[in-house]
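All remarks here apply to the structure that follows.
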Amino acid sequence: MVALHCSLGSGRQWTKLAAALGPGTPLIAPDLAGYGGNPGSFDLPTSLAQEVEDLSAALSEARGAIHLVGHSYGGAIAFKIATASAFSSRIRSLTLIEPVLPTLLKESDADRRLHERFVRLSRELYCDLWNGSVLEAIDKFSEFWRGSGAREPLPPAARIRMIEHAERLAFDFTAALAEENPIVAAASLRVPTLLLSGGRSPYMTQRIVQRLAAVIDGAELRHLPDAGHMLPLTHAGVVNAEIVRHIAGADELARIPLMAGQPMTEVIRLG
């Protein structure tokens with residue numbers, strides 16, 4: 001399994017997932033460029049394609065078929081790997097936890113407003129970071145992703161960690177907003193796909209998951225009404241159990257001939 005973390009995170013995000021998988025399923029959880037113990041190069045990625053290129057060494061460590069998991073910005077990169085990379089043919093299953101694919105929301109007037117809100121946030125963050133107002137940028141970033149969750153202050157350790165990597169946010173937003181035709185790429189997916197969302201997350205990411213569920217053939221949607229955007233951490237028990245179940249099903253499917261007929265998207269509310 002390969003698992004990709006969210007913005008301002010690190011591969012340590014997946015510690016509990018590794019425990020849930022057990023020793024029989026090796027987990028590769030790399031730090032994205034500019035995060036954790038990976039300083040990256042002088043020129044950080046400004047597109048999802050460049051993110052995939054930077055991860056090529058870590059992805060090459062995986063042997064055989066890959067079960068791919070991604071959360072938030074890591075979910076957008078996982079989507080790119082599964083749809084448009086040299087590794088796409090090796091993906092056996094895909095799990096996307098509220099992937100940040102805002103350009104998917106440019107088709108309708110209602111969804112376009114969500115995209116435009118995200119663009120405005122990115123511009124505000126760019127200005128704050130350019131002017132050295134890192135704390136203001138972190139506060140705006142945190143407020144957006146808190147969605148309708150409780151307004152609790154960030155723990156000091158988490159705040160310090162976010163400040164250390166705050167400048168990386170400009171690159172993440174640029175890459176996510178530069179992705180073109182994600183709806184076409186989503187429709188081309190032909191691997192077992194699990195989509196997870198939280199009812200207290202920003203509506204933008206909930207809507208992205210809904211749109212993906214509508215176009216990815218056979219996708220499963222799991223919705224946790226009381227969870228927020230950080231559900232892989234706050235609801236790790238439920239989320240990790242769903243991931244383990246999903247990859248087991250994909251492994252079983254790989255061992256049997258495909259059955260005729262078009263599978264229906266299954267929507268289950270958890271919690």
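The values are calculated or read from the model by the stated rules, or taken from the named source; none is laboratory data. Computed from a predicted structure; not experimentally measured. Reconstructed Cβ throughout: ideal geometry from the backbone, glycine too, with neighbour counts over all protein chains shown. For accessibility, only protein heavy atoms count, side chains too; no ligands or nucleic acids. Shrake-Rupley method; radii C 1.70, N 1.55, O 1.52, S 1.80 Å.
Do we find a residue being among the acidic types (Asp, Glu) and loosely packed, with under 14 Cβ neighbours inside 10 Å anywhere in the stretch 15-36? No - not one qualifying residue is present in the stretch 15-36. Please go through the stretch 127-155 and give me each residue that is in contact with a Lys or Arg (Cβ under 9 Å, 6 or more places away or on another chain) and either touching a residue at least 24 places away in the same chain (Cβ under 8 Å) or open to solvent by 60 Å² or more (accessible area, probe 1.4 Å) (or both), ordered by number. Passing the criteria: Leu135, Ile138, Glu143, Phe144, Arg146, Gly147, Ser148, Gly149, Ala150, Glu152, Pro153.
Scanning the stretch 206-246 for residues that are in contact (Cβ under 8 Å) with a residue 60 or more places away in the chain, touching a helix residue (DSSP H, G or I) at 6+ places or on another chain (Cβ under 8 Å), within 19 Å of Leu189 (Cα to Cα) and among the β-branched types (Val, Ile, Thr) gives Ile208, Ile243. The helices (runs of 4 or more DSSP H) found wholly in the stretch 156-204 and carrying at least 3 residues that are surrounded by 17 or more Cβ atoms within 10 Å (Cβ to Cβ) and under 15 Å from the mean Cα position of the chain (by Cα) occupy 168-178. For the stretch 1-50, filtering for residues that are under 17 Å from Pro99 (Cβ atoms) and free of Cβ contacts under 8 Å to residues at least 24 places away in the same chain leaves 0.
With the requirement that a residue be under 19 Å from the mean Cα position of the chain (by Cα), among the small types (Gly, Ala, Ser) and open to solvent by 20 Å² or more (accessible area, probe 1.4 Å), what does the stretch 59-115 give you? Of everything in the stretch 59-115, those that are under 19 Å from the mean Cα position of the chain (by Cα), among the small types (Gly, Ala, Ser) and open to solvent by 20 Å² or more (accessible area, probe 1.4 Å) turn out to be Ala84, Ser85, Ser88.
Scoring Leu4 on the criteria (1) surrounded by fewer than 19 Cβ atoms within 10 Å (Cβ to Cβ); (2) modelled with pLDDT of 95 or more; (3) touching a strand residue (DSSP E or B) at 6+ places or on another chain (Cβ under 7 Å) leaves a single failure, condition (1). Inspection of the stretch 5-28 identifies no residue that is within 21 Å of His229 (Cα to Cα), assigned to a strand (DSSP E or B) and not aliphatic (A, V, I, L, M). Consider only pairs whose beta carbons are under 6 Å apart and that are at least six residues apart or on different chains; among these, list those whose first residue lies in the stretch 56-84 and is in a loop (DSSP other than H, G, I, E, B) and at pLDDT below 95 and whose second residue is buried (at least 22 other Cβ atoms within 10 Å of the Cβ) and not small (Gly, Ala, Ser). From the stretch 56-84, the pairs are Ala62/Val2.
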